[in-house]
Amino acid sequence: MTNVSIKNLTKIYQGSTVPSLKSLSLEINSGTLTSILGPSGCGKTTTLKIIAGLINQTSGDVAFDGKSVLKVKPEKRGAVMVFQNHLLFPYMNIYENVGFGLRMRNLNKAEINKKIYEMLKLVQLPNIENRMPKELSGGEQQRVALARALIVQPKVLLLDEPLSNLDNHLRIEMRNLIKDLQKKFAITTIFVTHDQEEAVEISDQIALVLNGKLEQFDKPENFFKRPANMKTARFFGCKNFISGTLKNNKFISSIGEFYLPKDLPINGGFLIFRPENIQIGKDDKNMNTMKVKVIERIFLGKQTRLKLAIKDEIFEATFNPYEVKNLIEGNDIYINIPPSCLWTIKN
Ligand SMILES: Nc1ncnc2c1ncn2[C@@H]1O[C@H](COP(=O)(O)OP(=O)(O)OP(=O)(O)O)[C@@H](O)[C@H]1O
Ligand SMILES: [Mg+2]
């Protein structure tokens, strides 16, 4: 069980003038799964490599259980990294690949043998120990890579986009497997992904990093309910931002007044609401009801997206297709946004 504490981590690669990481700080509790989420080039792999000790930071600190590990050699840190691309040793068979970390630790042969078979069973790949990596599918190779990392019972498991090469079905299966194994072994895990949905499903907490800067570090649901700023809200699919001012417990805007949730911190600027939280109303008798015009409808399969206009504001709403099957472009409708689905941000 290991707490990981990252403090003001900054990285400027040699020859570069812009930092790839800008004073990143995270407190990660023992036994939890934290995702570092962000688009390509935002500094995810850089962060993992510094934690693993594979590259140096420019400034800042990384501590395991309160003790800085920056001067500890990578192989002594107890952190194991599963890389984004280089999965398995191509010249070793699966048995040798999985047992690699244990052989380095000089365990006796019988013990290593038992652990390899146990681990291959856990990742649901029995009977493949004699095959070479190139004789496995991409998904099977990723499971072997996971087994090879878990077998040494690391204090900290660092997974760099381990599911990026898989099809959708296998990704979901592997996500569940990672979550199950991570819980079973209670390993503090940092999981890197650029896929928002994946991060939400797998994580206890998510660190959203954009351009090397931490934008929000929070439970998955708070990125939807309580985004810290507009960039965070946008990354998580929120499209509706209305400018205005706060007065008592109401948000005053050019399209009307909105009652806010009672526990909302005063946080002026923009009112935001998610497309899926808009409801269709019958009339304007409810709280936070507006008459809007349907200007576009797009069928997305599981949902139908409507673009709605009121005065100069245009916003998006998504509905169950059956709920809006009779609506056409040009229709006027009432919509309603419950106060509990509203949130305000400064920028
Ligand atoms: N060795 C290096 N020398 C110079 N710049 C580097 C080096 N490695 C990474 N960078 C730069 O640092 C930034 C962060 O890179 P990093 O590999 O951490 O991104 P990432 O979030 O893992 O992206 P991806 O999702 O594409 O893997 C990028 O702009 C990248 O070009
Ligand atoms: Mg990367």
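Do any chymotrypsin sites (Phe, Trp or Tyr not before Pro) in the range 78-136 lie in a DSSP loop with no more than 13 other beta carbon atoms within 10 Å, and if so, which?
Values: sites: F83, Y91, Y95, F100, Y117; in loops: F83, Y91.
Counting only loop positions with at most 13 other Cβ atoms within 10 Å, the chymotrypsin sites (Phe, Trp or Tyr not before Pro) in the range 78-136 are Y91.
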Accessible-area value, E140, 1.4 Å probe, nucleic acids and ligands omitted, Å²: 50
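For the chain, what does the helix formula give at 222 nm: sum of -39500 (n - 2.57) over DSSP H segments with n ≥ 4, over the residue count, nearest 500 deg cm²/dmol?
Working: 9 runs with 88 residues, N = 347.
Counting only the DSSP helices, I get -7500 deg cm²/dmol.
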Return the carbon/sulfur percentage of the accessible area of the range 238-345, one whole number, probe 1.4 Å, all protein chains in place. 50
Once you put a point 7 Å from the Cα of E257 and another 7 Å from the Cα of S59, both along the Cβ direction, what distance in nm separates them? 4.9
Using only the alpha carbons of the chain, determine the length spanned along each of the three principal axes and report them from longest to shortest in whole angstroms. 76, 44, 37
Using only Cα atoms, locate the centre of the range 156-192 and the centre of the range 6-34, then give the distance between them in Å, rounded to an integer. 21
Listed by chain and number, the aspartates and glutamates with an alpha carbon less than 19 angstrom from that of K44, same-chain partners under 8 positions apart left out, are E27, D61, D160, E161, D195, E197, E198, E201, D204, E215, D218
Could you calculate the contour length gain from K250 to K121, that is, 0.36 nm times the residue separation minus the distance between their Cα atoms, to one decimal place in nm? 40.7 nm
In the range 199-337, how does Rg compare with the Kirkwood Rh, expressed as the Rg/Rh ratio over alpha carbon atoms? 0.99
Cut-off under 14 Å on the C-alpha distance; same-chain residues fewer than 8 positions from K155 excluded. Which aspartates and glutamates are left, in chain and number order? D65, E75
Expected field for R297, accessible surface area in Å² at 1.4 Å probe radius, rounded to 10, holds 80
Assuming a strict under-14 Å limit between Cα atoms, what lysine pair count do you get for the range 247-347 once near-sequence pairs (fewer than 8 apart, same chain) are dropped? 8
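Given a Förster distance of 45 angstrom, what is the FRET efficiency for N286 paired with N165, based on the Cβ-Cβ distance and rounded to 0.05? Mind showing how you got there, number by number?
Details: r = 48 Å, r/R0 = 1.08.
So the FRET efficiency works out to roughly 0.40.
Full extension from K213 to N85: what is 0.36 nm times the residue separation minus their Cα-Cα distance, to one decimal in nm? Intermediate values should be presented prior to the final figure.
On the way: separation 128, 0.36 × 128 = 46.08 nm, distance 2.43 nm.
Taking 0.36 nm per residue and subtracting the Cα distance, the gain is 43.7 nm.
Would you kindly state how much longer the chain becomes between K76 and N106 on full extension, computed as 0.36 nm times their sequence separation minus their alpha carbon distance, in nm to one decimal? Walk me through the numbers before you get to the answer.
On the way: separation 30, 0.36 × 30 = 10.80 nm, distance 1.45 nm.
Contour length minus Cα-Cα distance gives 9.4 nm.
The values are calculated or read from the model by the stated rules, or taken from the named source; none is laboratory data. These numbers were taken from a predicted model, which means no experiment stands behind them. With ideal geometry, Cβ positions are generated from the backbone for all residues, glycine too; neighbour counts draw on all protein chains shown. Just the protein is used for accessible areas: all its heavy atoms, side chains included, with ligands, DNA and RNA removed. Shrake-Rupley method; radii C 1.70, N 1.55, O 1.52, S 1.80 Å.
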